[in-house]
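Trainee: Quick one: the structure is below, questions incoming.
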Amino acid sequence: MEEQNLGRILVIDDNEDVLFSAKMLLRKHAKEVVMEKNPKKIPFLVSNEDFDLILLDMNFSQDITSGQEGYYWLKEILKYDPSAVVIMITAYGDVEMAVRALKEGATDFVLKPWQNEKLLATLSAAARLRNSYREVNQLKEVNRTLTTQLNSPQNIIQGLSASMRQLFSIIDKVARTDADILLLGENGTGKEVIARTIHQRSSRADKVFVTVDMGAVTESLFESELFGHKKGAFTDAKEDRIGRIEAANGGTLFLDEIGNLSLAMQAKLLTVLQRREVIRVGTNKPISVNVRLISATNMPLKEMVQRNEFRQDLMYRINTVELNLPPLRDRLDDIPLFAEHFLAEYAQKYRQPVKRLSDSGLARLRRYSWPGNVRELQHALERASIMSENRELQADDFFFLAESEPAPAATQLEASSLDLDELEREAVKRALQKHDGNISKAAKELGLSRGALYRRLEKYEL
């Protein structure tokens, strides 16, 4: 055994011979060995110093054989340090005393006189346990810090338009409940921002918020990604892995683009939501989960239900409350608020003076129809703030919007029929042609994720 691998050890025993023997044995293997005869000094020692291991006698001079003093001082140690690793020692031990000591919180139990090799092995195992406790506590602290930062209240732009005032009025009512929520709206309308707002205003605000892009989850990895898996469950399962749903336990689970799920994946998800338990791939053991579910999609779920493309029972399960996010073109009065917010953000990001939106610049933005909604507005303001040398952004600073301004809806897509599949196939084909086969750009223009676009390419053999 290497030297100093046991850390700092505190030995408490009223027998000087025991203390001397322990010190002679342990000094070669510990960073420091602190000896103490008087158990009444335990509160001072454990509250002012940090010990990796504590060896505690069960019987002192006032009580020779019952072990009651040892149980008392064990409780005192754990009161000051709940993660303390305490090994009980006694010359009068039996199975009953050992079991009680462990139930009271002791890590292990050894008898006097001890065998040196056995004692060292016990302490070595206890030291590994202590390190594990510390790692777990560190991970918990890191997780708590990250959760606090991720879930910290943000400057949510509620908007001046009547539609947004009504939306946030509903959010204030439902956020405090645990009702499952379905967010509907075009891409870029801020569905994830709204989901985070609901989480921050809920009773789960201090817990984790987990996002899953359902459009990017392939059918082959669906169960592993959402439910987790056991090592060896399949070829690439090289270690145990927790699923996204289990990771969100106690907090909020946000399933984005839920309309992209196949019927088979919908059935598996519904089973988990109804039973409120997951079973990791490769096991048969159910794990209970308690999550607040928020789902989102830009697809017409009710029409999909009628076409047997989306399960009706799943739709009912996920939309206890349904919120519709209006597109930016229907709430142009909110543009000044968005502009003020984003321009201040970019001034800090790029270390430049805060720029303002001129009347001509605002008029230009109001004339645009914003197919990409708030996300497109955000990118337009970022580009203009970088490229413009003026403190006020003029209409000319948004010249690039004319290139992507959509044509009137009636002339955007000409098709020989009104068959939905044919219209969708033609739209996908034109988007790919326009962007020279660039999947990311085509998906963005179509309002789809890359995964959803790939599925359509396969469906229409493009």
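Trainee: Considering only protein heavy atoms and a 1.4 Å probe, what is the carbon-and-sulfur percentage of the accessible area of the stretch 290-381?
Mentor: Reported share for carbon and sulfur atoms: 46 percent.
Trainee: While we're here: Can you list residues whose amide H is under 5 Å from residue 91's amide H, if they're 5+ apart or on another chain and H is modeled 1.01 Å from N?
Mentor: The list, which skips near neighbours in sequence, is 112.
Trainee: Report, in degrees rounded to the nearest 10, the 0 to 90 angle that the Cα long axis of helix 450-459 makes with the longest principal axis of the chain.
Mentor: With both axes taken from Cα atoms, the answer is about 60 degrees.
Trainee: Cα convex hull of the chain: mean projected area in nm², to one decimal?
Mentor: Answer in nm², one decimal: 31.1.
Trainee: Report the relative contact order of the stretch 237-335, percent, no decimals, based on alpha-carbon pairs under 8 angstrom and at least 6 residues apart.
Mentor: Once divided by the residue count of the stretch 237-335, the mean separation gives 33 percent.
Trainee: Oh, and also: Residue-wise, which Karplus ³J(HN,Hα) couplings in Hz belong to the stretch 342-354, taking 6.51 cos²θ - 1.76 cosθ + 1.60, θ = phi - 60°, and x for glycine or proline?
Mentor: Values, residue by residue: 6, 5, 5, 5, 6, 4, 6, 5, 9, 6, 9, x, 5 Hz.
Trainee: What accessible area per residue comes out for the stretch 188-253, rounded to a whole number of Å², with a 1.4 Å probe?
Mentor: With the other protein chains kept in place, the stretch 188-253 gives 45 Å² per residue.
Trainee: What ranking do 189-196, 103-110 get when scored by the average of other Cβ atoms within 10 Å per residue, highest first?
Mentor: Highest to lowest by the protection proxy: 189-196, 103-110.
Trainee: Shifting gears a bit: Please give the calculated 222 nm ellipticity per residue for the chain, where each DSSP H segment of at least 4 residues contributes -39500 (n - 2.57) and the sum is spread over every residue; nearest 500 deg cm²/dmol?
Mentor: -14000 deg cm²/dmol
Trainee: Let me ask something additional. DSSP beta bridges in the chain, what fraction antiparallel, as a percent rounded to 5?
Mentor: Beta bridges within the chain, antiparallel portion: roughly 10 percent.
Trainee: Quick one: Karplus J couplings for the stretch 276-287, per residue in order, coefficients 6.51, -1.76, 1.60, θ = phi - 60°, nearest Hz, x for Gly and Pro?
Mentor: Working through the residues one at a time gives 6, 7, 10, 10, 5, 4, x, 10, 10, 8, x, 10 Hz.
Trainee: Evaluate the relative contact order of the chain (contact order divided by residue number), counting alpha-carbon pairs under 8 angstrom at least 6 apart; express in whole percent.
Mentor: It rounds to 11 percent for the chain.
Trainee: Explain nothing, just compute: Karplus ³J(HN,Hα) = 6.51 cos²θ - 1.76 cosθ + 1.60, θ = phi - 60°, for every residue of the stretch 303-320 in order, whole Hz, x for Gly and Pro.
Mentor: Those phi angles translate into 5, 5, 4, 5, 8, 6, 9, 9, 5, 5, 5, 5, 4, 5, 5, 9, 10, 4 Hz.
Trainee: Using a cut-off of 13 Å between beta-carbons, work out the net charge of the residues near residue 279 (Lys and Arg +1, Asp and Glu -1, residue 279 not included).
Mentor: Net charge around residue 279: +3.
Trainee: Turning to a different aspect of this structure: Would you tally the net charge around residue 8, using a Cβ to Cβ cut-off of less than 9 Å, leaving residue 8 out, and scoring K and R as +1, D and E as -1?
Mentor: Here the count lands on -3.
Trainee: Under 16 Å Cα to Cα from residue 28, which aspartates and glutamates show up? Leave out anything in the same chain fewer than 8 places away.
Mentor: Counting by Cα, and skipping residues close in sequence, residue 28 has these aspartates and glutamates nearby: 2, 3, 52, 117.
Trainee: Something else about it: Determine the share of the stretch 169-276's accessible area contributed by carbon and sulfur atoms, expressed in whole percent, with a 1.4 angstrom probe.
Mentor: Carbon with sulfur: 48 percent of the solvent-accessible area.
Trainee: Next question, about the same structure. Could you give the angle, 0 to 90 degrees to the nearest 10, between helix 191-200's Cα long axis and the longest principal axis of the Cα atoms of the chain?
Mentor: 40
Trainee: The stretch 344-403: which GluC sites (Glu not before Pro) are DSSP loop and have at most 14 other beta-carbon atoms within 10 angstrom?
Mentor: Those satisfying the criteria are 389.
The values are calculated or read from the model by the stated rules, or taken from the named source; none is laboratory data. Everything numeric here is computed off the predicted structure, so don't read it as measured data. Cβ atoms come from the backbone with ideal geometry, glycine included; neighbour counts cover every protein chain shown. Protein only, heavy atoms only, side chains kept; ligands, DNA and RNA dropped before computing areas. Shrake-Rupley method; radii C 1.70, N 1.55, O 1.52, S 1.80 Å.
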